[in-house]
Amino acid sequence: MKRALVLLCGLLGLLGSLAQGASTDALERERIARERSAAQAAYSEAQRRCAGEFAVEACLAPARKARRATLDGLARESALLDSQARRHRAADSALRVERKLQASAPAASGDATGGRKPAPPRAAREREMPNDATSATRGDPRGTAGADGAAGAPAIASARAAEASGRVR
């Protein structure tokens, strides 16, 4: 219980910083978008200026290099902001889960299943619901088996068709 309380306090502190950082995050994203468009505009201007020269590629190379450096730096900053946002969302999600667990904890009943009936063992489930291939040998619940215990022709045909369609796929 102490551990959950410490976790809850830590997450609340993180969410407080998230609320304060939300406006800063939006401002940073706007700045990144402005710088990205400015870099693109500078490159477009360099393209127009270099279009009249004989060696267009040699003229554009420094502009491309400058644009790439600027865009790479902005992409790193954007990725950092995205990473921080993911961490904040994960902390918020963990806090919601913790609250749900505390709210749904069985109240002083001592029942670990929360009042639910435990699932039956796998072998018991398989005995209750046999698969189609073994139903003919265990006895046909629809009563289509013959007097000698063998399944009727329709049951055999449908079992073979189902088996064949399983192989084809």
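The values are calculated or read from the model by the stated rules, or taken from the named source; none is laboratory data. All figures in this text were calculated on a predicted structure; none of them were measured in a lab. Glycine also receives a Cβ, built like all others from the backbone with ideal geometry; neighbour counts cover every protein chain displayed.
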Expected single match for more than 32 Å from the chain's Cα centre (by Cα) and modelled with pLDDT under 95 among LEU101, LEU60, LEU18 is LEU60
Inside segment 42-84, the number of residues satisfying the requirement of being exposed (fewer than 11 other Cβ atoms within 10 Å of the Cβ) and among the hydrophobic types (A, V, I, L, M, F, W, C) is 5
task = For PRO130, indicate whether it is in contact with a Lys or Arg (Cβ under 7 Å, 6 or more places away or on another chain) and modelled with pLDDT under 95.
result = yes
